[in-house]
Amino acid sequence: ITIRQTESDSLGKYDILEVGAGRSGFGSFLERNNCRNYINWVTQDITSSNQEWLEAQSDEVLIGELDAVLLGRKFDCIFSTYVFEHITQPSKHLDQLWRALVPGGKLFIFCPRYDIPGYFLPSARNFNFLEKIKMIYYIFN
């Protein structure tokens, strides 16, 4: 892993935000690669169910919706793993992430493919039958 310092980084650390961190293994990855001292790792999650664990692992924990917790903060890198498929308003979510990047910052989103006919995104499981039909129509037209 290569770490570069940016002009926005006044403490000499690279600011990374992990969105939807849950019980992330990123801290262990940083330790194994001897980069923990160069990273300011901020974790965000929508619920507090993993808050205690995240507080023991990361430098800072943000609990709540992105727009409520970011409050104009900027990051050198933002990533999320297997979260995007649970988002009900992906365009809004993506816009919030882009705005939270410093100029030249990097955004990485990892998510599974859900384009198998008949499969519904986890975020759409609460839809009624008519809403599911509309979604199928939208996906395939």
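The values are calculated or read from the model by the stated rules, or taken from the named source; none is laboratory data. On a predicted model such as this, the values are computed, not experimentally measured, just so you know. So basically every Cβ, Gly included, is an ideal-geometry build from the backbone, and we count neighbours across all protein chains shown. The protein model used for the area step is the full one, side chains on, heavy atoms only, and it has no ligands, DNA or RNA in it. Shrake-Rupley method; radii C 1.70, N 1.55, O 1.52, S 1.80 Å.
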Considering segment 82-108, residues that are surrounded by fewer than 14 Cβ atoms within 10 Å (Cβ to Cβ) and part of a loop (DSSP other than H, G, I, E, B), and then whichever is modelled with the lowest pLDDT, we arrive at THR88
Checked segment 15-40 for anything touching a strand residue (DSSP E or B) at 6+ places or on another chain (Cβ under 7 Å) and not in a helix (DSSP H, G or I); matches are ASP15, ILE16, LEU17, GLU18, VAL19, GLY20, ALA21, GLY22, SER24, ILE39, ASN40
ask   = TYR14: more than 30 Å from GLU131 (Cβ to Cβ) and either charged (D, E, K, R) or touching a residue at least 40 places away in the same chain (Cβ under 8 Å) (or both), yes or no?
value = yes
Does any residue of segment 29-38 turn out to be surrounded by 15 or more Cβ atoms within 10 Å (Cβ to Cβ) and within 14 Å of the chain's Cα centre (by Cα)? no
Taking segment 41-72 and the residues there that are in a loop (DSSP other than H, G, I, E, B) and either touching a residue at least 40 places away in the same chain (Cβ under 8 Å) or farther than 15 Å from GLN96 by Cα (or both), the one that is least open to solvent (accessible area, probe 1.4 Å) would be SER58
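Just to be sure, is GLU65 among the charged types (D, E, K, R) and within 20 Å of GLY25 (Cα to Cα)?
no
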By residue number, the members of segment 54-81 that are among the charged types (D, E, K, R) and within 23 Å of TYR38 (Cα to Cα) are GLU55, ASP59, GLU60, ARG73, LYS74, ASP76
Scanning segment 109-141 residue by residue, those surrounded by fewer than 13 Cβ atoms within 10 Å (Cβ to Cβ), within 16 Å of the chain's Cα centre (by Cα) and at pLDDT 75 or above turn out to be PHE110
Counting only residues that are among the small types (Gly, Ala, Ser), more than 12 Å from the chain's Cα centre (by Cα) and under 30 Å from GLY12 (Cα atoms), segment 73-108 contains a total of 2
